[in-house]
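The values are calculated or read from the model by the stated rules, or taken from the named source; none is laboratory data. Because the structure is predicted, anything quoted here is derived from the model rather than measured. Reconstructed Cβ throughout: ideal geometry from the backbone, glycine too, with neighbour counts over all protein chains shown.
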Amino acid sequence: MSEVVEGQKMRIRFDGSRCIHARNCVLSQPSVFKANVEGPWIDPDAASPAELLAVAERCPSGAIVVEPLDGGTAEQPSGRNVVAVLENGPYAVRGTLSGAAAGLRATLCRCGASKNKPFCDSSHHDVHFVATGEFPPPSELPAWKEAGPLEVTGIPDGPLKVAGPHELTCGTGRAVKRGDVAFLCRCGASANKPFCDGTHRKIGFQTNGA
């Protein structure tokens, strides 16, 4: 379900297929995003443009995008591409994304059970996925490289390929790795999470082309 709602100053785009129900929107701006109502439930005029931008920036999945209608400030890339590994949950990616996850934010499945791959659809709750979001600190981290686009590609029946300068972090935000390429497990079975170790082949993991 996708919706586009225009107010006097701002346009809100909502992509229900990417929403993971983090509820940041309805909790922080309940007058804009009205939960459990019949009919129209998004009111762009119920908050200031700055408040709407803040809501979008806190939406981990990229389901909410806000755009100015009067030449005002639009959401800007964070300047650094970050892949956060969430405890018992998905990868939360933030940056300048291209490929399947194009946009500024996305939550990508790592449990293997999503019916909307490569995106998370909260199936990790249904399958009781358990995987840590904390990893040992590295002995050292290389310096940040110049920011550029981060291309995320789902390899059919295999891992997620992340190509471009990025930082991998624990769910708490602590940096684990910096690099240009990573292959991240999305079958949920790797013994070297969050990285792929080839287990997808052993278990017959299928992505149906996603």
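Remarks
- Within the range 69-81, residues that are on the phi > 0 side of the Ramachandran plot sit with their Cβ atoms under 9 Å from residues that are modelled with pLDDT of 85 or more, at 6+ positions apart or across chains, in these pairs: G79/G95; G79/T96.
- One residue alone among V130, V162 is at pLDDT 95 or above, surrounded by 16 or more Cβ atoms within 10 Å (Cβ to Cβ) and β-branched (V, I, T), and that residue is V162.
- Residues of the range 170-186 classified as in contact (Cβ under 8 Å) with a residue 24 or more places away in the chain, part of a strand (DSSP E or B) and touching a Gly at 6+ places or on another chain (Cβ under 9 Å), total: 3
- Residue-level check: of (1) part of a strand (DSSP E or B); (2) modelled with pLDDT of 95 or more, P156 misses just (1).
- Of E140, E151, E167, all but one fail to be without any contact (Cβ under 8 Å) to a residue 60 or more places away in the chain, assigned to a strand (DSSP E or B) and among the charged types (D, E, K, R); the exception is E151.
- Criterion (under 25 Å from P159 (Cα atoms), small (G, A, S) and either in the same structural domain as I155 (by TED's automatic domain parsing) or surrounded by fewer than 19 Cβ atoms within 10 Å (Cβ to Cβ) (or both)) met by exactly one of G72, G99: G99
- A residue that is within 30 Å of R186 (Cα to Cα), hydrophobic (A, V, I, L, M, F, W, C) and either touching a helix residue (DSSP H, G or I) at 6+ places or on another chain (Cβ under 6 Å) or not in a strand (DSSP E or B) (or both) can be found somewhere in the range 71-88.
- Single condition Q29 does not satisfy, out of (1) polar (S, T, N, Q); (2) in contact with a Lys or Arg (Cβ under 6 Å, 6 or more places away or on another chain); (3) free of Cβ contacts under 8 Å to residues at least 40 places away in the same chain: (2)
- Only one of L53, L104 that is within 19 Å of the chain's Cα centre (by Cα), surrounded by 15 or more Cβ atoms within 10 Å (Cβ to Cβ) and farther than 27 Å from V176 by Cα: L53
- Flag for F135 being closer than 16 Å to A189 by Cα, out of contact with any His (no Cβ under 7 Å at 6 or more places or on another chain) and of a type in the set (F, W, Y): no
- Residue identified as under 23 Å from A100 (Cα atoms) and either among the aromatic types (F, W, Y) or not assigned by TED's automatic domain parsing to the domain that holds S123 (or both) among A50, A46, A35, A56: A56
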